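What follows is a single structure, written as structure tokens, with notes after it.
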Amino acid sequence: MMATVTAKNVDLSNCDREQIQFSGAILPHGFLLTIREPEFTILQASQNAGLSFNMQSSELLGLPLTSLLDPKQVDTVREKTQQDALDGAPTRIAIFQLQGQEWNVLAHRYDQVLFLEFEPRSTHGEPSVEDLYSELRKAIAKIQHAKSSQEFLDLAVRRIRAFTGFDRVMAYKFLQDGSGWVRSESVIEGQTEYMGLHFPPSDIPAPAKRLFTLSWLRHQPDIHYTPVPIVPENNPVTGGPLDLSYAVLRSVSVMYTGYLKNMGTDASMVMTLLKDGRLWGLIACHHHSGPKHVPYEVRAACEFLANMVSLLISEKEDLEFSGYKLKLKDTQARLVEAMSRSGEFAEVLIKGKPNLLDLLRSEGAAVVSDGKISLIGKAPTEDQVKSLVEWLASHNADEVFATDSVVTVFPEAEDFKEVASGILAIRFAATKKDYLLWFRPEVLQAVHWAGDPHKPVDISDDGQRLLPRTSFALWKESVRLKSEPWLDLEIQAAHELRIAILEVILRQSEKLGDLYKNLERSHMELDAFAYVASHDLKEPLRGIHNYSRFLLEDCADRLRPDEVDKLRSMARLTQRMEDLLDSLLHYSRISRNELKPKLCDLNKTVAEVLESLQLRIAETGTEIRIPRALPSIEIDASSISEVFSNLISNALKYNDKPEKWVEIGYKQSDGGSLTFYVRDNGIGIAPEHFAPIFMIFRRLHGPKEFGGGTGAGLTIARKIVQRHGGHMWVESAPGEGSTFYFTVPAAESEAKGAN
Amino acid sequence: MHRNDPILIVEDNDEDYYATARVLAKFGSFPVSRCSRGAEVIDNLNADKSHRPPSLIFLDLNLIGKRDGRTVLTDLKADPRYRRIPVVVMTTSSNPSDVRHCFDHGAAGYMVKPVNLDKFVESIEGIIKYWFEIMTLPAKVEGAS
């Protein structure tokens, strides 16, 4: 068990455990008696108590109260202390005249005894209740109408300062980590301003915080006081040290007075601010120009005001959040509307007005969708976001992930702490790594601290007592790797945005689905049309052809030569028409035929194609180059053969060089997909024709040049490649030759080595 | 060469019928009869009083009317009186599924009508030579007995 720490053995190492309620001493401006009830005899007295009764304090012990006060005064005490419970709440029960001095008599019960505290009344008159009441009424009316918690606190501290005459009044809020933050300040000119400063948690240790929650107001008229001990030290009723938790005159910790002295404070008054029963913060009043005693009436009024502030702070802060909430809702609605309008939600969230940064208070954000990362504001790099998303996806099944210190779970995040110590992430779908991310920087980047929380404490001249630090220079903190926390309502807003985005995606995919279905249907219809049309067209065509031939047969001897020529042209044109119809039929069949992929040795396939083109190769004297053996791939054999056949025969055809060559080869990408090419040193293609050459029946040359053809070969070859999930394109320079490329996706290719 | 066996052409298109008949005449003196509707085929065969059923039937697939070439083929092959007569399908369709269907249902041959007359003449010549010179037709055997 740890030793009990009291005023006797406290130092900086243990002040967070100092039992300050057992200080065993009081402030010197008043005196204290503890009374045994119902006997009304004196149990303990502060060492200065005797003065007011012309006795030694030790002589007071055991005496009945009647021997100190006149019977009327004792009756008043008895009557008042019986009327009220007085438990843990010192209340003025009387004003007594003792030795020519007026005293406020404050009474409360605690620790099984009745406490009577005597506090001297000001000699130059105390403010009237009427004056205080009107002051209070004005103050309350003012602060009640404040529109934000900032305005509210500003008004409150200004009023209290005007009211009490302190040099400085601060409203001080405790944050989640126990550190303090000066939210509002009213200070006399010439004094250092503490507004906006953060104080480390150690400045107000837990025991002090506990006492603050017990009483509404603490007042030290003179920091430079000498504590007056209470005799005897222990409470005779309990046998333990007297618990001064509620005593108005309780002597405070030497650590506290030392601290105040270092701030140049001579007198102080602290009021507690509670929100929903919990310590929200303090109103701290400091005087820097000598001792200052605040009269009881004024303190009561201040206490009342602090009470009002406590009651209202909740409402004012909610007001602030409700403003934020409204803004969130509004921004959210606008985002969702823009997203459904555009369909491109990533674009809207990043580049739109409003965008992600307008929604939640953050410095940066990212949208990760289909592997594409879009960043806005101060964000980690794309690679960092990528690794963060990978980590999120593998470690978090939750739809929403929020942390103010991602480093604690993902150490790599230290690299980008300056921009993203805090992260709020929402995931759209469990199956995809699609995220929205908001980033908050390390608090260190933004917060000013009063004093260096890591600086070793100062040691006083005698080397015996440690003093709290004296440096109050601005210092940037040490809540390393932490950001401002995410509010519940922000996380809620992220949740809602996620649902809205999912709806947009769903609607989009429904629309796309419909579109796709329509497209598929019209595609099928088109194919069926091409097929049926070319069939049906053939019948009359055949009739025309046959009849022109029959005419020639039957009437050749009666026709002039030019008439015979015309009939022959007619027959020839029908022939050409049939070729075109056949190409069309073939093209439409490519998309109808079932693909039967099997492992194909492309060396064999190409060899067969070359064999079938042997005559033309020989005629043109073209050299065939295959720089390295082709791979074996899973593919529909007749299709790939047709692609090579079309490309190679084109390469053979469109060449006017004396030394012709055609090269057939392939490249393999990292992802495993294969790119094949057929290259020639032929006539080449002008860039403006790169697209048209793939259109069906589009020919760049007359039907008699370069051996003619229907102009469907490339269209068919590309269609085949597309059906296999690849694509085909051309690179060429007129006069230098062309290279036709086509890809076979990785899944299809499964390259089985090059042999 | 004695080519005077009757031939039936099932064809709804007058031009095609004319062309076929005309080309056939180049290779023999076949008594050619014609059905232009699928539904007529069995009826006409039944009504024939010559007692000389066709030795060969040319059948177009895509016929106008309810009974197209495919059903005519099925009807013929289902009738014991006519199922032995070879049916050569002569059509515009080069659809593989049509080819399969016809052979599955008893067609003796399948020919895609070319647009080119020379090719057509060649094809007809080949078919006539095949069936009337190389092959032995059941009608012939029956007629001789």
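Evaluate peptide A:256-263: per residue, the Cβ atoms of other protein chains within 10 Å of its Cβ; return the mean as an integer. Numbers along the way, then the final one.
Details: counts 0, 0, 0, 0, 0, 0, 0, 0.
Mean number of neighbouring Cβ atoms from other chains: 0.
So if R0 is 25 Å, what FRET efficiency would A:SER342 and A:ASN518 give, r being the distance between their Cβ atoms, rounded to the nearest 0.05? Spell out each step's value before the answer.
Details: r = 22 Å, r/R0 = 0.87.
Working from the Cβ atoms, E equals 0.70.
Among A:LYS142, A:LYS353, A:LYS147, which comes first, then next, by fewest other beta-carbon atoms within 10 Å?
Values: A:LYS142 15, A:LYS353 8, A:LYS147 11.
Final ranking by Cβ density, sparse to dense: A:LYS353, A:LYS147, A:LYS142.
Rounded, prolate or oblate, given the Cα gyration tensor of the range B:7-144, with a/c below 1.5 counting as rounded? The partial results should precede the final answer.
Working: a/c = 1.33, a/b = 1.06, b/c = 1.25.
Rounded, since a/c falls under 1.5.
Once all Cα-Cα distances of chain A are split into 20 Å bins that start at 0, what whole-number percent is in each one?
Using 20 Å bins, I get a P(r) of 12, 27, 21, 13, 13, 10, 4, 1, 0 for chain A.
If the reach is capped at under 28 angstrom between alpha carbons, list the lysines near A:LYS653, excluding any in the same chain fewer than eight residues apart.
Leaving aside lysines fewer than 8 places away in the same chain, those within reach of A:LYS653 are A:LYS604, A:LYS667, A:LYS704, A:LYS719, B:LYS119.
Kirkwood-based Rg over Rh for the range A:594-749 (C-alpha set), two decimals? Show your work: numbers first, answer last.
Values: Rg = 14.9 Å, Rh = 15.8 Å.
That ratio equals 0.94.
Please compute, for peptide A:527-535, the average count of beta-carbon atoms on other protein chains lying within 10 Å of each residue's beta-carbon. It would help to have the intermediate numbers written out before the result.
Values: counts 0, 0, 0, 0, 2, 0, 0, 1, 6.
What the average comes to for A:527-535 is 1.
Explain nothing, just the number: relative contact order of chain B, from Cα pairs under 8 Å at least 6 residues apart, as a whole percent.
Numbers: 202 pairs, mean separation 32.0, N = 145.
RCO, chain B: 22 percent.
Just need the relative contact order of chain A here, percent rounded to a whole number, with Cα pairs under 8 Å and 6+ apart.
8 percent
Which of these, B:ASN44, B:ASN13, B:ASN95, has the largest mean-square fluctuation under a Gaussian network model of chain B (Cα springs below 10 Å)?
B:ASN95
Could you work out how far the C-alpha centroid of the range B:103-136 sits from that of the range A:245-316, in angstrom?
So the separation of the two Cα centres works out to 116 Å.
Any chance you could check the Cα centroid distance between the range A:541-569 and the range A:159-210 for me, in angstrom?
With the range A:541-569 and the range A:159-210 each reduced to a Cα centre, they are spaced 112 Å.
Say the cut-off is 28 Å between C-alpha atoms; which of A:LYS275/A:LYS482; A:LYS517/B:LYS113; A:LYS325/A:LYS372; B:LYS66/B:LYS113; A:LYS138/A:LYS209; A:LYS596/B:LYS77 go over it? Intermediate values should be presented prior to the final figure.
On the way: A:LYS275/A:LYS482 25 Å; A:LYS517/B:LYS113 37 Å; A:LYS325/A:LYS372 31 Å; B:LYS66/B:LYS113 23 Å; A:LYS138/A:LYS209 31 Å; A:LYS596/B:LYS77 34 Å.
Cα-Cα > 28 Å for A:LYS517/B:LYS113; A:LYS325/A:LYS372; A:LYS138/A:LYS209; A:LYS596/B:LYS77; rest within.
How many Cβ atoms of partner chains, on average, are near each residue of B:108-115 if near means within 10 Å of its Cβ? Before the final figure, lay out the partial values.
On the way: counts 0, 0, 0, 0, 1, 4, 5, 17.
What the average comes to for B:108-115 is 3.
Can you list residues from other chains, or at least 5 along the same chain, whose modelled amide H is less than 5 Å from the amide H of B:MET90?
Close amide H contacts, sequence-distant or interchain: B:LEU59, B:ASP60, B:LEU61, B:MET111.
Per DSSP H run of n ≥ 4, the term is -39500 (n - 2.57); total these for chain A, divide by its residue number, and report the mean residue ellipticity at 222 nm rounded to 500 deg cm²/dmol.
Values: 17 runs with 289 residues, N = 755.
So the helix-based figure for chain A works out to -13000 deg cm²/dmol.
Find, to one decimal place in angstroms, the Kirkwood hydrodynamic radius of the range A:511-589, where the mean of 1/r is taken over every pair of different Cα atoms and then inverted. Numbers along the way, then the final one.
Numbers: mean 1/r = 0.0672 Å⁻¹.
Value: 14.9 Å, from the Cα pair sum.
Would you calculate the separation in nanometres between label points at A:CYS555 and A:THR91, each defined as 7 Å from the Cα along the Cα-to-beta-carbon direction?
It works out to 13.3 nm between the two label points.
Name the long-range amide H neighbours of A:ALA712: under 5 Å, sequence gap of 5 or more, or other chain; modelled H, no Pro or chain starts.
Counting only residues 5 or more places away or on other chains, the set is A:PHE697.
Taking R0 as 60 Å, what FRET efficiency do you get between A:ARG616 and A:GLU496 from their Cβ-Cβ distance, rounded to the nearest 0.05? Mind showing how you got there, number by number?
Numbers: r = 68 Å, r/R0 = 1.14.
Given R0 = 60 Å and the Cβ-Cβ separation, E is 0.30.
Check which residues have an amide H placed less than 5 Å from A:LEU197's amide H, if you skip close sequence neighbours.
A:VAL182
Are there trypsin sites (Lys or Arg not before Pro) in the range B:24-119 that DSSP puts in a loop and that have at most 13 other Cβ atoms within 10 Å, and which ones? Mind showing how you got there, number by number?
Numbers: sites: B:LYS26, B:ARG34, B:ARG37, B:LYS49, B:LYS66, B:ARG67, B:ARG70, B:LYS77, B:ARG81, B:ARG83, B:ARG84, B:ARG100, B:LYS119; in loops: B:LYS26, B:ARG37, B:LYS49, B:LYS66, B:ARG67, B:ARG81, B:ARG83, B:ARG84.
Those satisfying the criteria are B:LYS26, B:LYS49, B:LYS66, B:ARG81, B:ARG83.
Quick note: the coordinates plus some simple rules give every number you see, no bench work behind them. Worth saying up front: this structure is predicted, and the values here are computed from it rather than measured. In this analysis, Cβ positions are derived from the backbone assuming ideal geometry, glycine residues included, and neighbour counts consider all displayed protein chains.
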